[in-house]
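In what follows, a structure is listed as structure tokens, so that the remarks can point back to it.
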Amino acid sequence: MTSPLVTWPRKTERLTLRPARPEDIGPLLAIRALPAVTRWLIKTDVDPVQYRDRWLRAINDPYDHSAVVELDGRVIGDCGLGVIDGMGQPGGPSERSEGQIGYIFHPGVAGRGYATEAATSMVALAFGELGLRRVTAGCFADNLASVRVLEKIGMRREQHGVRDSWHAELGWIDGYTYGILAEEWAAR
């Protein structure tokens, strides 16, 4: 169902999304280590070597469409689309039928719509070139910036987990799962 042939780089109105290069790992790690960023991540600590290896493996993985996000040639964040199996019984069409998106941006560029542009590009990739049937994303309910991005791109809140997410600073807090179907995307 999915095609490993994805066109890179991907251009939005203001951004370039492209596979990572070894020289991107330092800037990506620096962004990821900022307290304003790690505040909303599930995995707050990463091993730099494993992180680098994961990014470089993604280049050749037909199911991992992780991308560095550049603004005027400067790395400002990352976004990604992972292709996963949908829920279903064996032998059905659920294998590799869904995508999960995510994004991380430098807080210095917050509020300018860059995360919305990048997330839109990932959903368009999922339903366009990859032909997926559904895309989901998750976030802490208190991460209002992420909630706004997901709702702006047309995703619907499908699940509200009450105190289902552990946050190191806030304790048990609510989590949200958002989703959108290919036909909903096409109709927007």
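Each value in this text was obtained by applying a stated rule to the coordinates, not by laboratory testing. Since the model is a prediction, treat every value here as computed from it, not as a measurement. Here the Cβ positions follow ideal geometry from the backbone for every residue, glycine too, while neighbour counts run over all protein chains shown.
Annotations
- Rg followed by Dmax, in Å, when the chain is reduced to its Cα trace: 16.1, 47
- With θ taken as phi - 60° and the Karplus curve 6.51 cos²θ - 1.76 cosθ + 1.60 applied, the whole-hertz 3J(HN,Hα) list for region 174-188 is 6, x, 10, 10, 10, x, 8, 9, 4, 5, 5, 4, 5, 7, 6 Hz, x standing for glycine and proline.
- From phi via Karplus (6.51, -1.76, 1.60), per-residue ³J(HN,Hα) for region 76-88 in Hz, x at Gly/Pro: 10, x, 8, 8, x, 9, x, 8, 10, 6, x, 6, x
- Residues whose placed amide H lies under 5 Å from that of Gly99, excluding near-sequence neighbours: Ile84, Arg134, Val135, Thr136
- Residues of region 36-54 with amide N under 13 Å of the 7 Å Cα→Cβ point at Trp8: 54
- Radius 13 Å from Cβ of Arg54, net charge of other residues (Lys, Arg +1; Asp, Glu -1): -2
- The chain - mean residue ellipticity at 222 nm from DSSP helices (-39,500 (n - 2.57) per run, n ≥ 4, rounded to 500): -7500 deg cm²/dmol
- Karplus 3J(HN,Hα) series, Hz, for region 141-151 with 6.51 cos²θ - 1.76 cosθ + 1.60 (x for Gly, Pro): 4, 6, 7, 4, 5, 5, 4, 4, 4, 5, 6
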